[in-house]
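Okay, so here's the structure we're looking at.
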Amino acid sequence: SDFQELRFVAETYLAKPLTKTDLDTLLFIKENLNFSNELIEFLLEYCAERGKKSFKYIQSVALSWSKDGITTPEEAQVQTAKFSQRIYAVMNALGKKSEPTNTELNYINRWYDQYGFEADVILEACRRTVLATDKNRFSYCDKILSSWFTSGVHHTTDITQADASYHSQKKQTDAIPRKVPGYVASNPFLHFKQSDTDYDALEKELLQN
């Protein structure tokens, strides 16, 4: 009776009859994760409002909440508000107006959770990304943040030092004559072989003509 009521609520929110796999997932969330009916109802409402009606997505959210120790709808509401704030701050900073895809969410979660960056560091990387390109912005931003993570950046004040180190290295590399075969730019985003054309000689030739 209790589970049948939960099934009815789920089918109402998701606007579809549940398959056996869906029911197994719902039962897993209730019994294995120890979610109350009230918390599951909030979970279903939260996912449905965002157009995420697959049980694979619903289960991933439930597992995340369980990992964070969420046991009540009130706690879940606080968590989702915080989550939404950080997600949409990044989406807006990268000029994205749509709902984030799973790939985009994975990028954002990596920057916050795996790399441990604060929002101001991530938003600075977003700002630089928007100035540099209007395509593949998430992957470009990820390269910047991966580089900062490797360089030991933790706060925005560390970025200045990372920039200075990069420009110093670039200055030394740029001192190598570009007509030397095999010259490669030091910029991590420009890994391509430079032209071996001697532009100084070419300019003199043009002036003589």
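The values are calculated or read from the model by the stated rules, or taken from the named source; none is laboratory data. If you're wondering where the values come from, they're calculated on a predicted model, not measured in any experiment. Cβ coordinates were reconstructed from backbone atoms using ideal geometry, including for glycine residues, and neighbour counts include every protein chain displayed. Ligands, DNA and RNA are excluded from the accessible area calculation, which covers all protein heavy atoms including side chains. Shrake-Rupley method; radii C 1.70, N 1.55, O 1.52, S 1.80 Å.
Surface composition of segment 19-163: carbon and sulfur make up 48 percent of the accessible area, probe 1.4 Å. Note that segment 13-21 has calculated 3J(HN,Hα) couplings of 5, 8, 6, 6, x, 7, 7, 4, 5 Hz, one per residue in order, obtained from phi through the Karplus relation 6.51 cos²θ - 1.76 cosθ + 1.60 (θ = phi - 60°); glycine and proline are x. Per residue, segment 79-155 exposes an accessible area of 56 Å² to a 1.4 Å probe, with every protein chain left in place. Neighbours of THR12, meaning other residues whose beta-carbon lies under 14 angstrom from its beta-carbon, give a summed charge of -3 when Lys and Arg score +1 and Asp and Glu score -1.
For GLU31 and SER98, a Förster radius of 35 Å and the Cβ-Cβ distance give a FRET efficiency of 0.50, rounded to the nearest 0.05.
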